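The values are calculated or read from the model by the stated rules, or taken from the named source; none is laboratory data. Source: prediction; values computed, not measured. When we count neighbours, we look across all protein chains shown, and the Cβ atoms used for this are built from the backbone with ideal geometry, even at glycine.
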Amino acid sequence: MECSICQKILIGKFYQNTEDHSILCGRCIYLPVCNVCMKPIPFNAKTIEIALNKHICQACVSKTVLNQEDLREPLEKSIRAIFELYKIKITKLKIIKLMSYPKMLRAGRSISGSPFRIAGIANNENEIMIREGETKVSVLATVTHELAHLYQMQTWGLTKFKSMQPYLVEGFCEWLSIRVLEFYDEMTEAKKIADNPDNVYGLGARSYLQAEKEGRLENILSGGLGN
Ligand SMILES: [Zn+2]
Ligand SMILES: [Zn+2]
Ligand SMILES: [Zn+2]
């Protein structure tokens, strides 16, 4: 039997990947993994390094957002879906741009929650920043989440936006992301957001899904659950 990465015959300890059942030798287990597929990257393989020790393997490059132009498609898809689904129009988006992984990490430190989890930022100057190196489908979700923040600030007003409980603010954005992903048949990604155990993002999303099911869409769009 040989290691699936370095192809050398296994001597001594080896490991089996529980996902795809591939076998790794005692050395390859320590290789850096691709940020997207999580598979070990063979020594000397060509990769795109998005941050120190954060790589995208060649097989994943085509499904990853790595330059500004890659933002166009998820942005257009999101704008189309939120209008078709809920007649939501974002009138004042000034700019949407990619931010490098380390830069987003630094920016995320001033925001509550883990900075590692922050994949996008929207501010009250109508700017959106999206973290580089994420998959196109997760960027579709992130873009929608940040567009939803702009909608909240622009439609509900900053005072209300700032006074609302975090789970109501973030839950709205997550709910909209779920609906947009479903609109494009990205059910796996949609389910991931809906099943998030987090009690701000996950709980918030589920609260809005429930409110929508109970016919309270009007309340949802004007800022709240209506219960
Ligand atoms: Zn190996
Ligand atoms: Zn990969
Ligand atoms: Zn948010």
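Annotations for the structure displayed:
- Look at region 1-22: where a residue is within 11 Å of ligand 1 (Cβ to nearest atom) and of a type in the set (S, T, N, Q) and a partner is modelled with pLDDT of 90 or more and not in a loop (DSSP other than H, G, I, E, B), sitting 6+ places away or on another chain with Cβ atoms under 6 Å, you get SER4/ILE23.
- Spans of strands (runs of 3 or more DSSP E) in region 1-117 with at least 2 residues more than 16 Å from ligand 2 (Cβ to nearest atom): 14-16, 23-25, 95-99
Conditions tested, residue by residue: (1) closer than 24 Å to GLY26 by Cα; (2) touching a Pro at 6+ places or on another chain (Cβ under 9 Å); (3) among the basic types (Lys, Arg).
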position: ALA51; (1), (2), (3): no, yes, no
position: HIS55; (1), (2), (3): yes, yes, no
position: VAL61; (1), (2), (3): no, no, no
position: GLU69; (1), (2), (3): no, no, no
position: PRO74; (1), (2), (3): no, no, no
position: LYS77; (1), (2), (3): no, no, yes
